[in-house]
Amino acid sequence: MTDTVSRAEYCVVACAEAWRGDGEVLASPMGLIPSLGARLAKHTFSPDLLLTDGEAMLVGLDGTVEGWLPYRQHLALVTGGRRHVMMGASQLDRHGNQNISCIGDWRRPDRQLLGVRGAPANTLNHPVSYWVPRHTRRVFVERVDMVCGVGYARAAGAGPSASRFHRIPRVVSDLGVFDFETPDRTMRLASLHPGVALDRVREATGFDLAVPGAGAGAGAGAGAGAGAGEVPYTREPTAAELRLIREVIDPAGRREHEVGAAGR
């Protein structure tokens, strides 16, 4: 087994860290890399997670279907806060507002996407993290065209009923890990994936991104500082985690296709 860690493997580990310390909750990963991350978390530091395929099926550690989660029971977990979903995003802004509905004016959009779906209820009732396989200015925008997932400023503005259980633990992209651990709850670069330059992240982000210096908190799972005054690196996977990813969780190497050559 080669010791060289690919960008996709750093992304799997970074996604897994989203569920660290969650306890017995429903992990709902949407997308391949989040699914691999949730399974890695359950294999290692979060054994109490209940895994799904991101929809209506319960799955085991090897990804095989083990049962069905009735819709009303799923909704009970959502409204009761016993779920942590990692969703995708067509657009994200500095406040954590997410758009998966349309591009352009919602009254006459240029592109129709998935629709709002369950994003508002998700973000107001339980933790929601995000996975973005291609970090570009088209995704990380100054202002989303339509708010589907609710960000920190809007939740706070709506009052305690919206902000009480609202939490966005992290955003993972093919370039790094981001959180909202700033005084004004705007997006912060928590760690760079090894091999990614800070300037590349800034150039690919459509708003001014908060960047911590050395010694600033970097969120769960961030590695040691990259040097004096520099942003920390995303933590290295352990040898045991690499073996699990490569031999047990994703032996076919599908992870490399999701991040692809652009993320190497």
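No lab work stands behind these numbers, since they all come straight from the coordinates. None of the values given here were measured: they were computed from a predicted structure. Positions of Cβ are generated from backbone atoms using ideal geometry, with glycine treated the same way; all protein chains shown enter the neighbour counts.
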Task: Among [x] 19.6; [y] 18.6; [z] 20.3, the entry derived from the coordinates for Kirkwood radius over Cα pairs in Å - done: [y]
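Return the percentage of antiparallel bridges among DSSP beta bridges fully within the chain, rounded to the nearest 5 %. The partial results should precede the final answer.
Numbers: 16 of 31 bridges.
Here the share of antiparallel DSSP bridges comes out near 50 percent.
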Task: Shape call, region 1-145: gyration tensor on alpha carbons, a/c limit 1.5 - done: oblate
- [ ] Beta carbons within 10 angstrom, averaged per residue: use that to sort the peptides 248-254, 77-83, highest first.
- [x] 77-83, 248-254
- [ ] Just add up the charged neighbours of Pro251: K/R +1, D/E -1, any other residue whose Cβ is under 14 Å from the Cβ of Pro251.
- [x] 0
Task: Vicinal HN-Hα couplings computed from phi for region 23-28 (Karplus, 6.51 cos²θ - 1.76 cosθ + 1.60; Hz; Gly/Pro x) - done: x, 8, 9, 7, 8, 10
TODO: For Leu58 paired with Arg72, estimate the spin-label separation in nm (one decimal), with each label point 7 Å from Cα along the Cα-to-Cβ line.
DONE: 1.8 nm
Open item on the list: Using Stokes-Einstein with the Kirkwood hydrodynamic radius over Cα pairs, what translational diffusion coefficient do you get for region 100-209 at 20 °C and a viscosity of 1.002 mPa s, in µm²/s rounded to a whole number?
Closed with: 143 µm²/s
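Can you compute the helix-only [θ] at 222 nm over the chain? Use -39500 (n - 2.57) per DSSP H run of at least 4 residues, normalise by all residues, nearest 500 deg cm²/dmol. Write down the numbers at each step before the final one.
Details: 9 runs with 65 residues, N = 264.
Taken over the chain, the calculation gives -6500 deg cm²/dmol.
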- [ ] Report the net charge of residues surrounding Leu77, where surrounding means a beta-carbon distance below 12 angstrom and charges are Lys +1, Arg +1, Asp -1, Glu -1.
- [x] +2
Open item on the list: Net charge within 14 Å of Arg94 by Cβ-Cβ distance, Lys/Arg positive one each and Asp/Glu negative one each, not counting Arg94 itself?
Closed with: 0
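Which three semi-axes in whole Å describe the equivalent ellipsoid of region 91-156, each the square root of 5 times a Cα gyration tensor eigenvalue, listed largest first?
On the way: eigenvalues 64, 40, 26 Å².
Sorted largest first and rounded, they come to 18, 14, 11 Å.
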Task: Choice from Gly157, Gly176, Gly195 showing the highest fluctuation, given a GNM over the chain with Cα pairs closer than 10 Å - done: Gly157
Task: In sequence order, calculated HN-Hα J values of region 252-259 (Karplus, 6.51, -1.76, 1.60; Hz; x Gly/Pro) - done: 7, x, 5, 4, 5, 6, 6, 7
